[in-house]
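Computed from the coordinates by the stated procedures, all read-outs in this text should not be read as laboratory data. Just so you know, these numbers come straight off a predicted model, no measurement behind them. For neighbour counting, all protein chains shown are included, and Cβ atoms are generated from backbone atoms with ideal geometry for every residue, glycine included.
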Amino acid sequence: MKAHPPRNPLPVTLERRRFLAAATALSVGAAARIGFASEEDPLPATARLNGWLETRYDYWLARSPMDQAYLGLKTNPDKWNDIGEARALEDQEHHQKDLVDLRANFHADGLTPEGALSLRLYDYETDRKIADFKWRNYDYPVSQMDGWQQEIPTFLMNIHHVNGLQDAQAYIARLQGIGPLVEQVMEQMRLGEAAGVLAPKFAYVNVARDCRNVLTGAPFDNHPAASPLWADFTAKVDRLALDQAQKQKLHTDALRMLITVVRPAYLKLITLVEQQRDRATTDDGVWKHPDGEAYYANRLAFHTTTDMTAADIHAFGLAEVERIHGEMHDIMRKVGFSADLKSLFTFLKNEPRFYYPQTEEGKAAYIAKARDIIGAMTTRLDEAFLRTPRAKLVVKPVEAFREQSSTSAFYQSPGAYDGRPATYYVNTFDMKALSKFEMESLAYHEAVPGHHMQIGLTQERDDLPRFRRFSFYTAYTEGWGLYSERLPKEMGFYEDPYSDFGRLSAELWRACRLVVDTGIHASASRWTRERAIDYLAENTPNAMGDITNSVERYIVDPGQATAYKIGMQKIFDLREDAKGRLGDKFDLRAYHNIVLGGGAVPLTVLAENVAAWVSDTQAE
């Protein structure tokens, strides 16, 4: 790949201040571990650090064929990740060695500002992985959200590209590898149960359904349509410029793997899923697990990158729900709706004009309108941003085999090295879960100026160590997505009051998540799935199908849903504070450049970066 120089690099003066912020903000314990005694020239010292970081990135990337493929590399196109317990133990040893080497050989005061930040972030991320290792069996290997039963076909269909004979043969090799991979998935499921960790009963019901969806269609049964993997493979091979004999052999080999490997593997997985379902309870929160309260605290810290407690988050959520309800009343008066807010919610749920029909034409119309919304925003991005991503963005419906379990929409990042476009996925399974009045906010969050701006720009920062280009912090990334729903309001979008109401309902949804997630998982609350569903039905205009899927998502991914509103609030509060301090010197485009310029970071680091920029701007 040809390297592209970074556009609009951070100014030297800001670099100097970011270095000071990064150095002084280290905790006393971290400072003692990393050290402050180096007299080394910062440029060669940083080059030495970056070289070390690149070797470590290469090492970890080599251990993940799937990460290689997500990046667009074909280094091991015929292999899956090793997710076995032996590999996990080995990885832990290497993380510990990395941290020892990093702290022994590099010092923050001997580096450039970007180098000091890279040192700090690699230390933070590696230390976090080591600390999180004790909870490795608490994550559910299979669930209706991101479970391996979905990941396997989704990866082959969307990430494994077939551009020639070798790619097709590698696809077949990966079909063969599904057998050992599923064995490792089941190993993780058994280890979790041995640790006293089982998902709630409903999750296993959904997983079994997903597994059967993969095995529905030819060559597995007499269904008239092809199964998802068979349809995908044959379509990819049929597009190749190969002679008929070569194509026939590929079809035959793939067919054999589907019947002799994939089908038995999924049937064994279904058997274990149903056995664990029978042993599972209907308790939904992680408080039910051994040391569940400590595990939930770990997840909250991981996702929010703050020290907020479950009680803090719950209280913040309740306050935000009340505030947003108040702003909704203002819009009610604007549109002349005289009843109460609950009546408006009911009206919005049931009024046909706010939804596309549950037909192929209705689904296509939604996708087309989403493209229009993204196109209109794209033409205005230079009003708020100094840079835009080079990567293309496409809009696609979620594939049929996973649409029943997927959320309403999500973003798939572009391939960093193969030119694969980013994808804004829309789940058209239930068109009642895709209201017209929320279309704008959803597209702004998942596409532009949301995830595509943040992730696309970061991947293209060729001057950053790769671990920073591909890092992910939930509060930062999802906080930016939610902030990006609000930003277009300030740019003159949401002209229809109902669309503006949709923006508020989307923010309300994230505020309610703070209440629901902590309600479910905190040992002091212990909400049931039904209570969480009732709370969302009472306080939001969302469809019941969306509410149910979302609550089930929060149950199997504890803490993740709290990061959106916490991250968004931090980005917004930092902006408003900067505005107040800078006055006429405040530049929105420059602020966004600071927020997005250095890749994903914990919220504490983001605050320091913004403070340094404010101080530097004041001094100009």
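Observations on the model:
- Near-label residues of segment 216-233 by backbone N, under 15 Å of a point 7 Å along Cα→Cβ of K268: none
- Antiparallel bridge percentage (DSSP; both residues within the chain; nearest 5): 45
- Here segment 42-111 and segment 382-460 have alpha carbon centers that stand 28 Å from each other.
- Each stretch of four or more DSSP H residues adds -39500 (n - 2.57); spread over every residue of the chain, this sum gives -20500 deg cm²/dmol at 222 nm.
- Charge dipole (Cα centre; +1 on Lys/Arg Cβ, -1 on Asp/Glu Cβ; no other charges) of the chain amounts to roughly 860 debye.
- 34 Å tail of the calculated P(r), the chain, as % of Cα pairs: 46
- Simple label model, 7 Å out from Cα along Cβ direction - H329 to D101, nm: 6.1
- Using C-alpha pairs under 8 Å with a sequence gap of at least 6, the mean separation divided by the residue count of the chain gives a relative contact order of 17 percent.
- Whole-Å distance, taken between Cα centres, linking segment 213-263 and segment 559-604: 48
- Hypothetical label at E495: residues of segment 430-474 whose amide nitrogen lies under 12 Å (7 Å Cα-Cβ projection): none
- Fewest-first sequence of M377, M544 by Cβ atoms within 10 Å of each Cβ: M544, M377
- Segment 148-282: translational diffusion in µm²/s, Stokes-Einstein, Kirkwood Rh over Cα pairs, 10 °C, 1.306 mPa s: 100
- If R0 equals 22 Å, the separation of the Cβ atoms of D91 and R279 corresponds to a calculated FRET efficiency of about 0.15.
- Three-way shape call for segment 123-226 based on the alpha-carbon gyration tensor, with the a/c threshold at 1.5: oblate
- Restricting segment 167-241 to trypsin sites (Lys or Arg not before Pro) in coil, as DSSP defines it, with at most 13 other Cβ within 10 Å: R239
- Zone of D587's modelled label, taken as backbone nitrogen in segment 362-402 under 18 Å from a point 7 Å along Cα→Cβ: 381-388
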